[in-house]
Structures are given as structure tokens and as C-alpha cells.
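J.: Pasting in a structure now, in C-alpha cells, and then I'll have a few things to ask.
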Amino acid sequence: MESFSTRQTLIAKIRNQHDDRSWEEFVYFYERYIFVVVNKMGVSYQECEDLVQKVLLVLWGKLPDFEYTPDKCKFRTWMNTIIRNVVVGYFRKSKRHANDVERASLQRLNENPEEFDIPEIYDVAETEWKLHISNLAWENVKEEFTGKAGECFLMFTEGKDIETICNDLDIKKNTAYVFRSRVQDKLHREIRRLDAELS
């Protein structure tokens, strides 16, 4: 995305449901995250896409009523409650119309989707949120590190030892550590920025 609106501005814009561009931005920043959380709740990969679209439509419909009060409720807490409600509704419908199908998700829920409680969802969602924000941050900063610095950082994240990195990139150890530190600093700043603006 070339331009980035702060979360508050984005939510304010999307509350006007005729603003297609703000909706596209909203989908860009949250769709992948919603997909992963829905999948982690036990929905099969094949059925996730439909449920994600349903969650997005519910958010679209309810967003004009959302009041941003960060001291009381983060946006993503509200969003995760909607995700839970949509998935629970899906399991209830599946249970009614497919009693003959053994679903791993229903077994996990002890045949009772209401037992998939909010704290459990938020534990899953919090883990996935951190990963989602890290991935978004890397997408935003990686173009600044297209040479050896970026390669060096990725090799460190892959668990390669310093000797291998230095040999493969033909650099000295001190240089490798400087590259890693430079990328990490930039990445961590971007993670903090995105987390503050999107959660």
C-alpha cells in the first residue's frame, strides 16, 4: 500500500460506507489476520475464505456504531469478539445441518461451540496478531534493505551461523552484526508504529 492512514483515521473513513478506497485499505490490513484466527479456531482451510468475507461484512455493517475508546476496548478486541460470534454461528449451523459429519472443530468444542470461550480466542488472536504485525512491518521496510544487509538479516532469522553468513555474503563478522542490528532497529520501530495504529 503506497499510503497509510492511521487506524483512527482509517476507521473514521470506513464508517462512511461509500468510501471504497478506505474499505480496500481496511481489508488489506486485517483480512489475512482474520483468516488465520478463523482457521486457528478450527474452521477448515477450504471454508475459511467464506467466513472471512462474512466477518468483513459484519464489521462493515457494525463499524459505524463502533466507538473508539482505547482505555476501555482496543479495536482488535472488538474485532475478535465479532470473529468469535461469526465462527460460533458457523459451528451451530454446521451442527444442525451436518450431524453425520465428524468435524475436528466440533470435537474440539465438545459438541458445544459456546465453550470456545473469549479468553481462549484472545490468546490465539494475540499470538497471531504479533506475527501479523511483524509480517506487515517487514513488507514495509524490506525495500530499504535490498542488498547484503537484508540478506544478512534473513539468514540470521533462518538460524544460520555467523561463519556461514560471512562466507556466503563475503563480509566480516562485525559487518554482519551491524547489518542485523540496523535491520532489527528499523523493523522494531515499524512494528511498534503499526501496532499502535492498527490495534
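J.: Tell me, what HN-Hα J-couplings in whole Hz come from the Karplus equation 6.51 cos²θ - 1.76 cosθ + 1.60 at θ = phi - 60° for each residue of the range 157-167, using x for Gly and Pro?
T.: Whole-Hz 3J(HN,Hα) from phi for the range 157-167: 5, 7, x, 6, 7, 4, 5, 5, 4, 5, 5.
J.: Around Ser134, with a cut-off of 14 angstrom between Cβ atoms, what is the net charge of the other residues, counting Lys and Arg +1 and Asp and Glu -1?
T.: Counting the neighbours of Ser134, the net charge comes to +2.
J.: What are the ³J(HN,Hα) values, in whole Hz, obtained from phi via the Karplus relation 6.51 cos²θ - 1.76 cosθ + 1.60 with θ = phi - 60°, for each residue of the range 45-55 in sequence order, with x given for Gly and Pro?
T.: Ordered by residue, 3J(HN,Hα) equals 4, 5, 9, 4, 4, 5, 5, 4, 4, 5, 4 Hz.
J.: When we measure straight from the Cα of Lys40, which lysines land under 27 angstrom away, once same-chain ones fewer than 8 places off are left out?
T.: Output for Lys40: Lys54, Lys62, Lys72, Lys74, Lys93, Lys95, Lys130.
J.: Taking Cα atoms of the range 130-199, Rg/Rh with Kirkwood Rh, to two decimals?
T.: Computed over Cα atoms, the ratio is 1.03.
We did not get these values from a lab; they are worked out from the coordinates using the rules stated. Please read all numbers here as calculations on a predicted model, not as lab measurements. Don't worry about glycine lacking a Cβ; one is built from the backbone with ideal geometry, like all the others, and counts go over all protein chains shown.
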